[in-house]
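Undergrad: Would you mind keeping the following structure in view while I ask a few things?
The values are calculated or read from the model by the stated rules, or taken from the named source; none is laboratory data. The shown structure was predicted, so the numbers you read here are calculated from the model rather than taken from an experiment. Quick reminder, even Gly has a Cβ in these numbers, built from the backbone with ideal geometry, and neighbours come from all protein chains shown.
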Amino acid sequence: MRKKVQTMLKENHMFPKGAEIVVGISGGADSVALLHILNGWREREGWMLTAVHVHHGLRGAAADGDQAFVERLCADWGVPCKVYHYDVAAEAKKRGMGEEETGRLLRYAAFRETAGERGYIAVAHHRNDQAETLLMRLCRGTGLHGLTGMRPVRGNICRPLLACSRAEIERYCLAEALLFREDESNREVKYTRNKLRHEVLPLMEEINPRASVHIARTAALLADDEEYLEQQAAALFAALERPARKGAVSLEREGLLRAHPAMRRRVLRLAMGRFASADVSHVQIAALEGLLQKPTGKSRRFLQGIRAENSYGMLLLSRGAAEQASSFCYTLPQEGAIFIPEIGVTVSTCLRVEKNGEICGGGCTNVFDYDKILEKVSGCTETEGLSCRTRRAGDSIRLKNGRKKIKDLWIDEKIPREQREVWPLVALGEEILWAPGLRSSVSFLADGQTTRFLQIRIRRDTET
């Protein structure tokens, strides 16, 4: 079993040398085996281990006995132990949740508090737990994400035993003469997971003795599919996102409607995830899809103060009283990049001697004639006055058929009113060079006579 765990650690890059690791330990066979294995490698890897035990306040003297056992075990093995006490029953009632789920949330809260920002969390979930998790989610209803089960690594949470079965773990404890505690509540089939463990999975293993192995393998395959689809959804989200005031998200409505339903739902989930602190439900996503079919002006409110609205071809999402739009003006360098926090975008400029093909879609990159820009600033040797800013009264742009006011351009393009206040404009003094995603001034565009090109790129900074 040690070889399986070592392979899991290596393939998933779980704990670097010198890592601070919090090990969740209940006193059961799984967590005792996990702590024993990691402690055996502690000196070699330079790890700093801390065991965390959570007393749920549910099982009276039995729970007290579990705590005493864990504290003695950790003392014998030289592992610092921290114990957390919770009244899970009272907390479950307060939250309107089941005791099983409340206990899980409190345990992870304790692990995170101990681990801090730099530490890792090791939990003892194994292959049988994985099978039970998938069956439980199927019973409750889930999509592909739910069917991926528990990942070996999620953030700083690691599951080194995920490739091991419960039987393997118990044989390991027997071979190593490890004592452990049996939680009698694990046999009570009033809990969903226990019912699956003691009644459903045994029936499935009568059909195929390797049922839990195959279920876990399916979860791993689906996890790869899910990762790829999430990458595609993130790319589509970036392509459909448009400038919006701080605290809001704006997505192109037609692009959402054209997208495959699977991609559309994922993009909407990402958008809601900007605001929701809990998992976004299928019902919420379905409601957003329904809103997309409705005319401009229709809106819908969701829990946690989230509001969605159809507005001139855009789906706008915000929460509560979003911050008011604020004007901005940033001087652009000849070469380099600046970040505009008001709208969360980065504007970069680059001077080239040829027009290359590095032009991204979505109207986010444009190329201008550098010498025409210099002429405009009366012989200056730098791009003095070049800026990225919001609209000013009277702004206009020179098009092939004459000048057009920026205000009229927005009306023609059906740009939502709140987006107009934060739409970035690239300007040379009072002259507008470019309204990104809409129009470019004919006065400064590169042509066959251009010898020096100024490339300007505007991209959404997804990390802000």
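Undergrad: G57 passes all but one of (1) at pLDDT 95 or above; (2) in contact with an Asp or Glu (Cβ under 6 Å, 6 or more places away or on another chain); which number fails?
TA: For G57, the failing item is (1).
Undergrad: Whether any residue in segment 212-234 is of a type outside the set (D, E), in contact (Cβ under 8 Å) with a residue 60 or more places away in the chain and outside any helix (DSSP H, G or I) is what I want to check.
TA: Scanning segment 212-234, I find no residue that is of a type outside the set (D, E), in contact (Cβ under 8 Å) with a residue 60 or more places away in the chain and outside any helix (DSSP H, G or I), so the answer is no.
Undergrad: Can we say M14 is assigned to a loop (DSSP other than H, G, I, E, B), within 27 Å of the chain's Cα centre (by Cα), of a type in the set (A, V, I, L, M) and under 30 Å from D224 (Cβ atoms)? Outline the logic, then answer.
TA: On the way: assigned to a loop (DSSP other than H, G, I, E, B): yes; within 27 Å of the chain's Cα centre (by Cα): yes; of a type in the set (A, V, I, L, M): yes; under 30 Å from D224 (Cβ atoms): yes.
Here the answer is yes, as M14 does meet what is asked.
Undergrad: State yes or no: is L135 more than 27 Å from A115 (Cα to Cα) and not hydroxyl-bearing (S, T, Y)?
TA: yes
Undergrad: Follow-up. Suppose we filter K17, K10 for residues that are farther than 16 Å from V153 by Cβ and assigned by TED's automatic domain parsing to the domain that holds E176; which single one remains?
TA: None of the others qualify; the one that does is K17.
Undergrad: Right, A62: of a type in the set (A, V, I, L, M), surrounded by 15 or more Cβ atoms within 10 Å (Cβ to Cβ) and closer than 26 Å to N194 by Cα or not?
TA: no
Undergrad: Taking into account only those residues within segment 431-460 that are touching a Gly at 6+ places or on another chain (Cβ under 8 Å) and of a type outside the set (A, V, I, L, M), which is modelled with the lowest pLDDT?
TA: R460
Undergrad: Need the failing condition index for S250 against (1) polar (S, T, N, Q); (2) modelled with pLDDT of 85 or more; (3) surrounded by fewer than 20 Cβ atoms within 10 Å (Cβ to Cβ), just the number.
TA: (3)
Undergrad: How many residues does segment 293-307 contain that are surrounded by 11 or more Cβ atoms within 10 Å (Cβ to Cβ), within 19 Å of R258 (Cβ to Cβ) and of a type outside the set (S, T, N, Q)?
TA: Residues that pass the stated criteria total 1.
Undergrad: Give the residues of segment 36-50 that are without any contact (Cβ under 8 Å) to a residue 60 or more places away in the chain, over 31 Å from the mean Cα position of the chain (by Cα) and outside any loop (DSSP other than H, G, I, E, B), sorted by residue number.
TA: N39, G40, R42, E43, R44
Undergrad: Here's something else I'd like to know. Which of the residues that make up segment 79-109 are among the small types (G, A, S) and out of contact with any helix residue (DSSP H, G or I) (no Cβ under 8 Å at 6 or more places or on another chain)?
TA: A90, G96, A109 - these are the residues of segment 79-109 that are among the small types (G, A, S) and out of contact with any helix residue (DSSP H, G or I) (no Cβ under 8 Å at 6 or more places or on another chain).
Undergrad: Can you go through V70, V54, V32 and tell me which one is assigned by TED's automatic domain parsing to the domain that holds R151, part of a strand (DSSP E or B), crowded, with 17+ Cβ neighbours inside 10 Å and not small (G, A, S)?
TA: None of the others qualify; the one that does is V54.
Undergrad: Related question: Looking at E71, is it under 21 Å from H125 (Cβ atoms) and either modelled with pLDDT of 95 or more or within 29 Å of the chain's Cα centre (by Cα) (or both)?
TA: no
Undergrad: Among the residues of segment 252-297 satisfying the criterion of being among the aliphatic types (A, V, I, L, M) and outside any helix (DSSP H, G or I), which is farthest from R140 (Cα to Cα)?
TA: Among those that are among the aliphatic types (A, V, I, L, M) and outside any helix (DSSP H, G or I), it is A259.
To keep it simple, each residue is scored yes or no on (1) among the acidic types (D, E); (2) more than 18 Å from C173 (Cα to Cα).
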site	(1), (2)
G27	no, no
S31	no, no
W41	no, no
W47	no, yes
A68	no, yes
D76	yes, no
D87	yes, yes
A90	no, yes
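Undergrad: Scan segment 177-185 and give yes if some residue there is small (G, A, S), in contact (Cβ under 8 Å) with a residue 12 or more places away in the chain and surrounded by 21 or more Cβ atoms within 10 Å (Cβ to Cβ), otherwise no.
TA: no
Undergrad: Now a separate question. If I ask for residues that are under 36 Å from the mean Cα position of the chain (by Cα), surrounded by 15 or more Cβ atoms within 10 Å (Cβ to Cβ), assigned to a loop (DSSP other than H, G, I, E, B) and not aromatic (F, W, Y), which ones from segment 414-456 would you list?
TA: I415, P416, E421, V422, P424, P436, G437, L438
Undergrad: Still on this model: Quickly run through segment 406-430 and pick out the residues that are under 18 Å from C364 (Cα atoms), in contact with a Ser or Thr (Cβ under 8 Å, 6 or more places away or on another chain) and at pLDDT below 85.
TA: Correct list: Q419, V422.
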